[in-house]
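See structure below.
The values are calculated or read from the model by the stated rules, or taken from the named source; none is laboratory data. If you're wondering where the values come from, they're calculated on a predicted model, not measured in any experiment. So basically every Cβ, Gly included, is an ideal-geometry build from the backbone, and we count neighbours across all protein chains shown. Areas reflect the complete protein model, heavy atoms only, side chains present, ligands, DNA and RNA absent. Shrake-Rupley method; radii C 1.70, N 1.55, O 1.52, S 1.80 Å.
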Amino acid sequence: MTLGLPQRTGALPPPSPTGDATDATLIGESLTAPDRFAGLFDRHADEIHRYVARRLDDVTTADDVTAETFLVAFRKRARYDLGRADARPWLYGIASNLISGHRRSETRRLKALARQAPERAAEFEDRSAERVTADRLRPALAAALAGLGSAERDLLLLVAWADLSYEEAAQALGIPIGTVRSRLSRTRTKIRRSLESHR
């Protein structure tokens, strides 16, 4: 005698293992099995947290913004485009919107960094020339970032810090790819001019 499992009639297929599933699969499955959304959190929370913490320079606030990012994503998961396998741009877009609520503190922090004197160069044996140059540029770069508009800063940091492609940044911010290209070009010009003025 063999034991057979009951056949699933008209039901959804069993959920795929989290490691094999795309983000879109996890989100789709979470519509009927909400606990599947935890796989998305496990997969991307650390990366989103690092980005938010770097933007806000406050671990406690970064914890809150990261948690809220995934809460908002969970609530809006029914509207997610399941044709997009990778949910990172969507999550970064939500995080960027939430960071905007902390825009003043981010700008204050950047202005404070801009006022700091560059670190004195240590002995050559202790530090490389690139590190010394980076330390000297830090206040000027902070001033340049503080001088950008919020839309410019969001886009630049999604590409530079989150390592999103132009297409992913466009998706994250809900703007056309042409706008990404033109805005980044203008932003880079502003950054370059600002850095040249600090020499």
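Pairing residues of the stretch 75-91 that are of a type in the set (Phe, Trp, Tyr) with residues that are open to solvent by less than 50 Å² (accessible area, probe 1.4 Å), at Cβ distances under 6 Å and at least 6 apart in sequence or on separate chains, gives Tyr80/Ile27. The set of residues from the stretch 152-178 being open to solvent by 40 Å² or more (accessible area, probe 1.4 Å) and out of contact with any helix residue (DSSP H, G or I) (no Cβ under 7 Å at 6 or more places or on another chain) comprises Ala160, Asp163, Ser165, Gly178. Listed by position, the helices (runs of 4 or more DSSP H) inside the stretch 29-145 whose residues that are modelled with pLDDT of 80 or more number at least 2 are 37-56, 59-75, 88-99.
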